Amino acid sequence: MRKAHKGPVQVLGGPPMARTEPSQPAVDSTGPLTHVRGGDPMEEPHAAGAGCATALCDGFPRRDYLRPMPAAAEKVCLECGEKIAGRTDKRFCSDACRNLYHYHANNAPINYVRNVVNALKRNRRVLSELNTGADGKTKVHRDRLLEKGYSFMYHTNTHRTKAGNTYVFCFEHGYLELGENWFMLVRRDEYLGRAGDLRKD
């Protein structure tokens with residue numbers, strides 16, 4: 001087996017040439033550690049941490065390369081709030097919590113509509129039960145409406161007359177506020193007539 005030649009390199013027809021080793025940037029052991037930015041020997045050595053993003057450069061490590069990692073924030077389940085153990089991208093502590101979370105998120109709008117419709121139906125029923133006048137008009141007190149479970153937050157429409165009175169309706173039943181917590185309950189059968197539901201005696 002032929003051995004590698006380690007002596008001076010001789011060029012045919014010329015004087016022997018001395019073997020040269022690549023130069024390395026000097027390190028001052030008494031001062032801050034320096035290295036070449038980006039590993040390019042054409043650039044000037046600089047102190048570690050002087051804007052260089054290279055961790056290792058020509059064998060000269062930065063002194064500020066090893067720094068303590070920040071503590072990871074404790075993650076909790078989005079549904080029950082319990083501590084989560086396992087993968088870093090985990091959001092729920094169990095399959096049950098994940099399913100319950102998505103069930104609530106997807107059904108919230110449906111539940112809201114259902115609750116509003118139920119409130120409107122209850123208001124209509126209360127007005128219908130309290131309006132016992134033969135002509136479709138009855139005067140009642142606010143406390144009586146509240147006792148029956150009426151909610152003033154929900155109604156279907158309002159009607160303002162030429163005289164400036166505003167009637168509030170839940171479907172065909174409504175009221176006119178008279179003042180001092182008294183209300184005049186009214187019924188507009190014409191609403192039922194428009195829908196084709198008016199009973200003919």
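Every number here is computed from the coordinates shown, using simple stated rules; none is lab data. What you see is a predicted model, and the numbers here were worked out from it, not measured in a lab. Cβ placement follows ideal geometry from the backbone for every residue including glycine, while neighbour counts extend to all protein chains displayed.
Structure above, values below:
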item: Counted residues, the range 133-177 - those being without any contact (Cβ under 8 Å) to a residue 24 or more places away in the chain and farther than 20 Å from residue 190 by Cβ; result: 7
item: Test: residue in the range 101-112 that is part of a helix (DSSP H, G or I) and surrounded by 15 or more Cβ atoms within 10 Å (Cβ to Cβ); result: yes
item: Total residues in the range 131-150, condition surrounded by 15 or more Cβ atoms within 10 Å (Cβ to Cβ) and part of a strand (DSSP E or B); result: 2
item: Matching residues, the range 109-131, being out of contact with any helix residue (DSSP H, G or I) (no Cβ under 7 Å at 6 or more places or on another chain), of a type outside the set (D, E, K, R) and free of Cβ contacts under 8 Å to residues at least 40 places away in the same chain; result: 109, 110, 111, 112, 113, 115, 116, 117, 118, 119
